[in-house]
Amino acid sequence: MQLLNQEVDVHEIFKRVIEYFSQKHEIPDAYFRVVIKAKDPKLSIRWHQEQRSVTITLPNLVYLGRCLSHLWDLDLAHNDYFEEKVIFPEVAFSLDLSRNAVMKVATVKQFIMYLVVMGYTHLYLYLEDTYLVSSEPYHGYLRGSYSRNDLKEIIDYAAIFQIEVIPCIQTLAHLDQLLKWSSYDGVREDQSTLLVDEPKTYLTIEQWLRELRAIFTTRRIHLGLDEASGVGRGRYLQHHQYQPQAELIARHINKVVAICKKLDLEPEIWSDFLYHALDQRHLPGYYPVHAKINQALAAKLPKDIAYCYWDYGERTEANYQTRLQKHHLFGPHIHFASAAHIFGNIVPNYGKSWQSAAPGLAACQKEHIEQVMLTTWGDDGQETNHLLALPVMQMFAERCYQDEVDLSLGAKRFADCIQAGIFLKLWHLNHLNELPGVEPDNYWMANPSKLILWQDPLLGLFDKDLEQYQKEYKLDLTKYYLDQAQLFRTNERYSTTWCQVIEFYHCLAQVLADKSNLGLQLRQAYLKRDLAKLTELQTTTLPRLINLVVQLQQRHSQLWHQLYRANGWEVLESRYATLLSRLRTTINQIEQYQQGDHDSLWALREVRRPFEPGTPLVRLSVPNYRRIAFTGYN
């Protein structure tokens with residue numbers, strides 16, 4: 001194998017990508033030549049059988065990894081040729097590094113290699129407060145935050161492959177973890193929002209931007225500004241008269257953009273709050289499709305920044321297209337972001353991820369959107385790790401180069417780029433939430449796995465929902481989850497990490513099998529005064545379940561500490577600790593009951609009610625641990 005090019009940058013990318021693929025595939029012994037045609041938006045790889053040579057043609061070296069990933073599409077017994085088109089000038093990926101799971105630098109670099117071989121061109125690092133600011137000792141305090149050297153190592157590594165790394169921060173809302181410190185009292189509107197029109201706010205933002213400008217090589221920066229519903233409705237009213245949010249947000253944007261210009265930065269923002277605030281019809285939702293945008297106010301918005309329309313749930317291409325067209329009133333630079341649904345749950349929702357991303361990308365192709373992005377949020381503590389986003393990353397990447405993409409192509413390309421034989425098994429994780437009766441692809445994000453796992457065994461907050469579901473669908477959830485557990489078996493072909501992922505979900509399915517009917521069995525035995533059944537639960541079911549939960553926690557901890565810094569794990573560990581403690585308490589309470597203390601199982605007396613009357617389990621989505629695990633103040 002020999003690369004005929006002399007350019008140092010070509011050699012460096014080629015060497016590292018071939019080294020990555022050599023761990024997964026047999027590399028053909030051939031001559032390789034890379035040809036750059038800057039104005040030709042096509043990627044091609046041609047095999048010359050007689051000369052045993054490969055010619056790769058591309059517009060930019062950022063695509064070299066993707067081109068090499070197509071080596072295994074070629075028939076080496078004959079001359080062969082593969083070609084695809086670059087549909088979007090920029091294919092971006094965002095890592096949420098703020099919801100407790102701060103990736104180790106080595107893990108970020110591992111993801112950069114995934115981006116290289118899939119064909120992504122830009123990486124956004126979502127950093128609410130997880131980067132250190134030299135002048136602010138509480139910025140990123142005890143959060144596992146990145147130092148200057150950490151970020152520079154990431155940036156320099158990505159630069160080898162010509163991937164641009166862009167900071168994505170928050171300059172208005174989503175700052176709960178920062179604003180809890182008293183040193184930020186002077187710039188706090190409410191628990192998560194900065195105080196607009198306050199001079200100290202803009203001095204603080206400038207400090208953040210100066211810090212990032214000194215670290216990142218790019219001039220681009222994402223300023224956030226999404227979901228800022230508290231603007232002008234908290235401490236602002238103690239100092240000013242009420243003002244419409246649309247005016248406040250527009251003024252704030254202009255002030256922050258002015259700071260960016262001062263520092264020679266090129267800003268981008270999320271567009272949801274603007275879209276909603278400028279809607280003259282005041283329709284509900286982030287992006288009402290029938291909104292009437294106030295063109296006079298839109299005309300006052302800065303035109304030299306990018307506005308990113310994010311949408312993680314729309315299913316209709318025409319609605320996407322309508323919203324994108326309305327965005328053109330904001331300015332000429334419009335971006336689009338979809339999401340891998342790994343947030344708010346312990347199981348990924350691949351169905352909804354692709355159900356919403358595919359029509360979004362189709363609309364963006366028709367509207368000639370310059371950048372499309374896949375995000376990976378970690379709401380509610382990042383219970384699902386980022387590796388579970390990879391199947392959606394692959395599908396998303398394929399649609400940025402192919403007009404037609406399905407799961408068979410996704411599985412084939414995942415085998416080329418990541419790991420053979422596992423794509424469809426990972427996709428089947430959907431079925432831990434997508435029970436019989438759940439709408440295909442789980443649009444409503446039903447999450448029975450999370451509800452069953454974390455609900456209190458004695459309070460049974462979701463027991464009525466579980467009971468009604470099993471009666472209606474004539475299905476035993478214990479048997480259902482035991483069957484699912486048998487499907488999640490490791491394979492000797494899998495890497496150690498993928499074995500750990502599959503073993504985690506095998507164990508989770510076993511826990512769900514034991515726990516799905518535990519509360520119902522406890523209450524039924526208590527009401528019937530069935531001491532034999534209570535003894536069985538106390539001596540057999542609960543000890544077995546405790547053992548399984550301990551195994552689940554160990555597997556979860558192993559994966560976490562392999563991928564992330566230690567900070568943040570304490571949140572998930574406390575959830576397991578609470579669950580284990582309550583299971584042990586249940587054993588003790590049964591014992592006390594059997595000894596004559598009839599108040600020990602008092603909680604089982606209360607009639608069980610549906611969590612949300614009118615919303616059946618097949619549509620019930622509760623992505624917040626505290627609402628699931630507790631009924632009292634917490």
List pairs: first residue in the range 67-94 and over 23 Å from Trp270 (Cα atoms) and in contact (Cβ under 8 Å) with a residue 60 or more places away in the chain, second residue hydroxyl-bearing (Ser, Thr, Tyr) and part of a loop (DSSP other than H, G, I, E, B) anywhere in the structure, Cβ distance under 8 angstrom, at least six positions apart or on different chains. Glu84/Tyr401; Lys85/Tyr401; Val86/Tyr401
Kindly check whether there is at least one residue in the range 253-264 that is more than 21 Å from Tyr138 (Cβ to Cβ), part of a loop (DSSP other than H, G, I, E, B) and within 30 Å of the chain's Cα centre (by Cα). no
Answer yes or no: is there a residue in the range 490-505 that is out of contact with any helix residue (DSSP H, G or I) (no Cβ under 8 Å at 6 or more places or on another chain), among the small types (Gly, Ala, Ser), in a helix (DSSP H, G or I) and open to solvent by 40 Å² or more (accessible area, probe 1.4 Å). no
In the range 1-53, residue nearest to Tyr157 (Cα to Cα) [restricted to those that are open to solvent by less than 20 Å² (accessible area, probe 1.4 Å) and part of a helix (DSSP H, G or I)]: Ile13
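Determine whether Leu458 is part of a helix (DSSP H, G or I), within 19 Å of Ala629 (Cα to Cα) and open to solvent by less than 50 Å² (accessible area, probe 1.4 Å). Full working, then the answer.
On the way: part of a helix (DSSP H, G or I): no; within 19 Å of Ala629 (Cα to Cα): yes; open to solvent by less than 50 Å² (accessible area, probe 1.4 Å): yes.
Answer is no for this residue.
Conditions (1) more than 21 Å from Pro613 (Cα to Cα); (2) acidic (Asp, Glu); (3) open to solvent by 10 Å² or more (accessible area, probe 1.4 Å), marked per residue:
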position	(1), (2), (3)
Leu390	yes, no, no
Ala397	yes, no, no
Ala411	yes, no, yes
His431	yes, no, yes
Asp463	no, yes, no
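Answer yes if at least one residue in the range 115-124 is over 24 Å from Glu370 (Cβ atoms) and either in contact (Cβ under 8 Å) with a residue 60 or more places away in the chain or hydrophobic (A, V, I, L, M, F, W, C) (or both), and no otherwise. Before the answer, list the steps.
Initial filter on the range 115-124 (over 24 Å from Glu370 (Cβ atoms)): none.
Looking for residues that are over 24 Å from Glu370 (Cβ atoms) and either in contact (Cβ under 8 Å) with a residue 60 or more places away in the chain or hydrophobic (A, V, I, L, M, F, W, C) (or both), one finds none in the range 115-124, hence no.
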Restricting attention to the range 541-559, and to residues there that are of a type outside the set (Lys, Arg) and open to solvent by 70 Å² or more (accessible area, probe 1.4 Å), which single residue is farthest from Thr496 (Cα to Cα)? Asn547
Residues of the range 252-278 classified as over 22 Å from Leu203 (Cβ atoms) and among the small types (Gly, Ala, Ser), total: 2
Could you run through the range 214-231 and say how many residues are open to solvent by 10 Å² or more (accessible area, probe 1.4 Å) and closer than 26 Å to Glu189 by Cα? 4
Verdict on Thr55 being without any contact (Cβ under 8 Å) to a residue 40 or more places away in the chain and closer than 20 Å to Phe161 by Cα: yes
Going through (1) out of contact with any Phe, Trp or Tyr (no Cβ under 7 Å at 6 or more places or on another chain); (2) modelled with pLDDT of 95 or more; (3) open to solvent by less than 40 Å² (accessible area, probe 1.4 Å); (4) in a helix (DSSP H, G or I) one by one, Ala246 fails only at (2)
Turns out the helices (runs of 4 or more DSSP H) fully within the range 293-374 with at least 3 residues that are open to solvent by less than 20 Å² (accessible area, probe 1.4 Å) are 317-327, 350-367
Does Arg608 satisfy the condition of being crowded, with 16+ Cβ neighbours inside 10 Å, among the charged types (D, E, K, R) and assigned to a loop (DSSP other than H, G, I, E, B)? yes
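The values are calculated or read from the model by the stated rules, or taken from the named source; none is laboratory data. If you're wondering where the values come from, they're calculated on a predicted model, not measured in any experiment. Every residue, glycine among them, receives a Cβ derived from its backbone with ideal geometry; neighbour counts consider all protein chains shown. Surface areas here come from the heavy atoms of the whole protein model, side chains and all, with no ligands, DNA or RNA. Shrake-Rupley method; radii C 1.70, N 1.55, O 1.52, S 1.80 Å.
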